[in-house]
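First up is the structure itself, then whatever we jot down about it.
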């Protein structure tokens, strides 16, 4: 595991070097610091399984499906024994998108829709949130306003000790590179952007306004914190009940946004996983945990595609 820890350390140092530097102010979200070798060793010593893991069996081969959350802590970035065993058995790592692929990052920054000209009031509200996150203007230059709002949302999670740099996808992409395994993207940047950023300028403006509303009220921060707590303790029922407790599904518009972001992407990802199975390699597949819930939950869709699907108990 030494190589794994070294890769994670190097990755976080690189992220710290390239990320927008927050201003030195008490009101700014804290940044994730690159861990020392001693901190990595201590985190590895106390590593435990978190999140959600399924075993997928078909045609005499076994894969694993892991439900992630896109923020975390250093402890969360290091896998526990059952997740580690599943990883060491894998011949390829499949993620929604490879977060370390420069071409993918460039595509995400470029966007797939013309940014709308926001009304002055909304533009100022978004700018105020960017300033509150202590992000220099150049850090978000060229990003669609919806992507700017989502970036601020992730930055806000850092106030509760949850950092994007410690998200499991970064750990998994780094692990694959350390072991010389291929990293496969289940989606394209264009597909993710299409789900996040509506093509219609009026709908895009409304989606931005809803996101800024949640930032202004503090709702988004509370929701992400509760999601993270459910993920840490492996409480799939809590996540499945998201629409009831998030207080973010109060209109048809908000419900449509969630369906586009979550349910509508799942069938294509299930098809992609099934196709990768046919290639013959053992897979470790990691997808956001909300994709494991709802009427089109990935485990159910994979079961319908002929896989035997079994939840792996952590305790």
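Details
- Neighbour counts of other Cβ atoms within 10 Å put 183, 287 in the fewest-to-most order 183, 287.
- With N the number of residues in the stretch 266-312, Rg(Cα) / (2.2 N^0.38 Å) evaluates to 1.08.
- The share of Cα pairs per 10 Å bin across the stretch 34-136, counted from zero up to the longest distance, runs 11, 25, 29, 21, 12, 2 percent.
- Full-stretch length increase - residue 36, residue 200 - with 0.36 nm per residue and alpha-carbon distance subtracted: 54.4 nm
- Global size of the stretch 179-296 as Cα Rg and Dmax, reported in angstrom: 16.3, 49
- Relative to the longest principal axis of the Cα atoms of the chain, the long axis of helix 252-261 makes an angle of roughly 40 degrees.
- Separation of alpha-carbon centers, the stretch 191-205 and the stretch 61-109, rounded to whole Å: 26
- Seen against the Cα atoms of the chain and their longest principal axis, helix 145-157 is set at about 70 degrees.
- The modelled label-to-label distance between residue 117 and residue 279, using points 7 Å beyond Cα along the C-beta direction, is 4.5 nm.
- Extension gain for residue 27-residue 241 works out to 73.8 nm (0.36 nm per residue, less the C-alpha to C-alpha distance).
- Cα-based helix-to-principal-axis angle, 168-179 vs the chain, degrees rounded to 10: 50
- Top of 221, 265, 244 by mean-square fluctuation, Gaussian network on the chain, Cα under 10 Å: 244
- Relative contact order %, the stretch 175-265, counting alpha carbon pairs below 8 Å whose residues are six or more apart: 29
- Computed E for residue 188/residue 233 - FRET, C-beta separation, R0 22 angstrom, nearest 0.05: 0.10
- Counting DSSP beta bridges with both ends in the chain, the antiparallel % (nearest 5): 50
- Per residue convex hull volume, Cα atoms of the stretch 234-315, in Å³: 98
- The alpha-carbon atoms of the stretch 76-184 define a convex hull whose volume equals 119 cubic angstrom per residue.
- Only Cα pairs under 8 Å and 6+ residues apart enter the sum, and on that basis the relative contact order of the chain stands at 31 percent.
- Going from the fewest other Cβ atoms within 10 Å to the most, the residues 293, 73 appear in the order 73, 293.
- Globularity ratio of the stretch 141-220, using Cα Rg and 2.2 N^0.38 Å: 1.34
- Over the chain - Rg/Rh using Cα atoms and the Kirkwood inverse-distance radius: 0.95
Read-outs throughout are calculated quantities, based only on the coordinates presented, and are distinct from any laboratory measurement. Here the structure is a predicted model, which means the values were calculated and not measured. Please note: Cβ atoms are built from the backbone with ideal geometry, for glycine as well, and neighbour counts cover all protein chains shown.
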